[in-house]
Amino acid sequence: MSVMADLSISGEEFVLGTALHTHADVHVELERVVPSSQQVLPFFWAIGTDFETFERDVRGNPNVQSLVALDRIEGRVLYRAEWSEEVESFIHGIAAVGATILEATGNRVWRFRLRFHDHAALSEFHDYCVAHDIRYTLDRVATDIAVEREEFGLTQEQRETLVLAIEEGYFDVPRGVTLTELAAELGVTQQSVSERVRRGTGTVLEAALLEADGNR
């Protein structure tokens, strides 16, 4: 049975995170992916406002060989990066055991949600980190089924936002509330609400539909 693990790691332990560290109002999110040991996560999203400072900070890092903006939409930029050979022991450990990165976001501190084939794979990953002197904090471990029954794999913020959106009629036709109004109720930006609704909805649909089809 597959196992999901939530863990956190500082940028000092996560070289790729250090390479993407910035003083700008930007945080980085990695898309769901099974990392390859041959090419370490070339694509990622940056979310925020000051992308000029972000790009300057990242390009100035010795672990970054190149950084190219591929797509720009409001408040989000998709980048492709080429890293130095020093990046990235932590990601190589994930690839070595065949785990999947379900969520990854951060700046100074990074938080990961990983799916392992079983507890043995999680144990193997831990042994890899110990052998490579990589320190991380394991925040939670649960079987895939247990997580879906509890929250469909949603983060607390995604769940809170989706529940409010349903209660206020965001998904009704016509809509009973706008993203701006939801943002005001939650005390966050419209961009944050949009991100939570998009990712949260995708997570719930995948859990409900792909599980039913036996494709997970």
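The values are calculated or read from the model by the stated rules, or taken from the named source; none is laboratory data. On a predicted model such as this, the values are computed, not experimentally measured, just so you know. Counting neighbours? That spans all protein chains shown, and the Cβs are built from the backbone with ideal geometry, glycine included. What goes into the accessible areas is simple: the full protein's heavy atoms, side chains included, and nothing from ligands, DNA or RNA. Shrake-Rupley method; radii C 1.70, N 1.55, O 1.52, S 1.80 Å.
Observations
- Within the range 28-35, at least one residue is farther than 17 Å from Ala95 by Cα and either modelled with pLDDT of 80 or more or among the polar types (S, T, N, Q) (or both).
- Tallying residues that are aliphatic (A, V, I, L, M) and within 18 Å of Asp57 (Cβ to Cβ) within the range 75-128 yields 5.
- Sole residue being crowded, with 18+ Cβ neighbours inside 10 Å and at pLDDT 85 or above, chosen from Ala165, Ala120, Ala207: Ala165
- Residues that are touching a helix residue (DSSP H, G or I) at 6+ places or on another chain (Cβ under 9 Å) and open to solvent by 10 Å² or more (accessible area, probe 1.4 Å) within the range 72-86 comprise Arg72, Glu74, Gly75, Arg76, Trp83, Ser84, Glu86, listed in sequence order.
- Counted residues, the range 139-162 - those being open to solvent by less than 50 Å² (accessible area, probe 1.4 Å), of a type in the set (A, V, I, L, M, F, W, C), assigned to a helix (DSSP H, G or I) and modelled with pLDDT under 80: 2
- In the range 10-32, the residue that is farthest from Arg113 (Cα to Cα) out of those that are among the hydrophobic types (A, V, I, L, M, F, W, C) and more than 13 Å from the chain's Cα centre (by Cα) is Ala24.
- Checking each residue in the range 88-112 for being in contact with a strand residue (DSSP E or B) (Cβ under 6 Å, 6 or more places away or on another chain), assigned to a loop (DSSP other than H, G, I, E, B) and over 16 Å from Thr18 (Cβ atoms) picks out only Ala99.
- Check on Leu102, under 16 Å from the mean Cα position of the chain (by Cα), of a type in the set (A, V, I, L, M, F, W, C) and at pLDDT below 90: yes
- Test: Ala96 is of a type in the set (A, V, I, L, M, F, W, C) and open to solvent by 10 Å² or more (accessible area, probe 1.4 Å): yes
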